[in-house]
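One structure below.
The values are calculated or read from the model by the stated rules, or taken from the named source; none is laboratory data. As the structure is a prediction and not an experimental result, all values here were calculated from the model. Ideal geometry is used to build each Cβ from the backbone, glycine not excepted, and the neighbour counts take in all protein chains shown. To get the accessible areas, we keep the full protein, side chains included, count just its heavy atoms, and leave off ligands, DNA and RNA. Shrake-Rupley method; radii C 1.70, N 1.55, O 1.52, S 1.80 Å.
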Amino acid sequence: MFKKVDSAQLKVGMYIHDLSCDWMTHPFVRNRFMLTSEDEIRKIIQAGIHDVVIDSVRGLDVQDAPTLAEADAATERELALIASVPPPITRVSLGVELARAARIRHQAANVVRGVMTDARLGRAIELDRVRPMVQDITESITRNPGALVGLLRIKTKDDYAFLHSVSVCALLVAFCRSRGMDAEITQQAGLGGLLHDTGKAMVPDSVLNKAAPLTEAEFELVRRHPRDGYDILRQSPEIGPIPLDITLHHHERRDGSGYPDKLVGDAIGELVQMASIVDVYDAITADRCYHKGMSAAEALRKIYEWSKFHFNPQYAQEFMRCVGIYPVGTLVMLESGRLAVVVESHETNLLAPKVNVFFSTRSNAYIKPETVDLSRGFGFGGGDKIVGHESASKWNVDPMRFINLI
């Protein structure tokens with residue numbers, strides 16, 4: 001039986017089923033293993049991991065600990081309350097914005113590629129090339145955030161490093177807008193998002209793309225990238241304090257378990273705290289050589305759970321409202337047994353978005369695509385509901401083919 005336990009309750013002889021953290025947080029080779037020493041327990045606690053999932057069948061039990069199903073059910077009840085707050089209003093339809101968003105995605109990836117090349121060659125970053133790209137991203141987000149953000153969820157191992165930075169920029173801009181921040185602060189935050197991983201240019205590709213677990217020395221090399229990026233960006237005289245702060249501190253955590261400065265609580269700047277949520281969300285939803293990406297819906301639930309210690313809970317909840325409990329591009333299973341891709345959040349209920357239905361799991365076949373507004377009843381374009389999120393690879397489907405039925 002899987003149970004969720006506080007890290008303070010761990011004992012030698014327990015079997016860890018899930019460390020409940022993003023891949024860069026823990027120093028272990030595997031996510032699942034038997035605890036064989038007190039040193040392993042200390043490493044878990046020192047890594048800022050506050051709760052884990054144990055398998056009581058394969059190891060020692062904690063009698064009064066909630067089962068994983070009970071813990072998940074409690075989280076779902078809390079998320080339902082968060083989902084009742086409306087998302088930001090969009091100006092144009094998803095279909096209208098998709099073509100422009102696709103061009104911006106391509107151009108922005110090239111800009112980040114150029115930044116990384118300049119950093120490797122020891123050249124100062126040319127901000128005059130970067131700022132217009134941030135402006136284009138901001139304008140696309142203003143028109144319809146779901147278009148660009150949805151497209152940016154598609155990454156390959158070859159373009160991940162570049163598109164991750166574009167994603168963080170786009171999501172951070174959307175986050176700033178949803179919180180009512182002014183245009184200049186939003187622009188500076190977006191610039192920080194686009195440049196936040198500049199320091200990874202100094203990490204060998206063999207380390208960044210290593211399929212096997214990192215050695216301790218390699219792990220420390222990766223952890224140097226915020227400081228390296230900060231030092232690189234300081235060479236550009238026009239860089240402002242916001243991009244520098246985001247670059248240096250986006251791996252800090254409110255409980256002091258982050259790096260490089262182990263800042264605690266509100267010693268971490270507001271925009272940095274927002275950027276750290278965005279950075280982790282995008283990283284854990286992407287497929288990498290060393291881990292399979294989570295669905296967007298599952299990642300948001302993890303962000304919510306981790307906000308008890310690592311993130312500002314208010315910001316985490318506001319981010320969830322910004323992108324939606326089921327963000328645009330999410331593959332969902334409907335009660336009817338059909339698969340659908342989310343295309344638009346509902347104005348007042350994030351659990352009932354508008355979706356494009358395209359596949360029947362009962363007949364295991366594609367069906368005639370149609371748009372369904374899950375907030376409506378039978379006879380009014382609705383009459384179905386989401387029962388969970390799904391993996392595209394499980395069903396061998398490409399939901400993004402059906403994101404635009406207009």
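Side notes on the structure shown:
- Spatially proximal lysines relative to K308 (Cα-Cα < 21 Å; intrachain offsets below 8 disregarded): K3, K4, K43, K262
- Note on the chain: helix-only mean residue ellipticity at 222 nm, from DSSP H runs of 4+ residues weighted -39500 (n - 2.57) and normalised by residue number, equals -13500 deg cm²/dmol.
- Tensor-based shape of the range 275-395 (alpha-carbon gyration tensor, a/c under 1.5 rounded, otherwise prolate or oblate): oblate
- The lysines whose alpha-carbon is closer than 19 Å to the alpha-carbon of K155, local same-chain residues fewer than 8 away aside, are K200, K210, K292, K394.
- Whether the chain is rounded, prolate or oblate, judged on the alpha carbon gyration tensor where a/c under 1.5 counts as rounded: oblate
- Assigned charges on the beta-carbon of Lys, Arg, Asp, Glu; the chain dipole about Cα centre (debye): 940 debye
- Distance in nm between pseudo-label sites at S206 and S360 (7 Å out along the Cβ direction from Cα): 5.4 nm
- Relative contact order of the range 262-387, pairs being alpha-carbon contacts under 8 Å that are 6 or more residues apart, as %: 15 percent
- For the range 106-170: rounded, prolate or oblate by the Cα gyration tensor [a/c cutoff 1.5]: oblate
- Solvent-accessible area of the range 289-388 (1.4 angstrom probe, protein heavy atoms only): carbon and sulfur portion equals 49 percent.
- Counting only protein heavy atoms and a 1.4 Å probe, the chain has 44 square angstrom of accessible area per residue.
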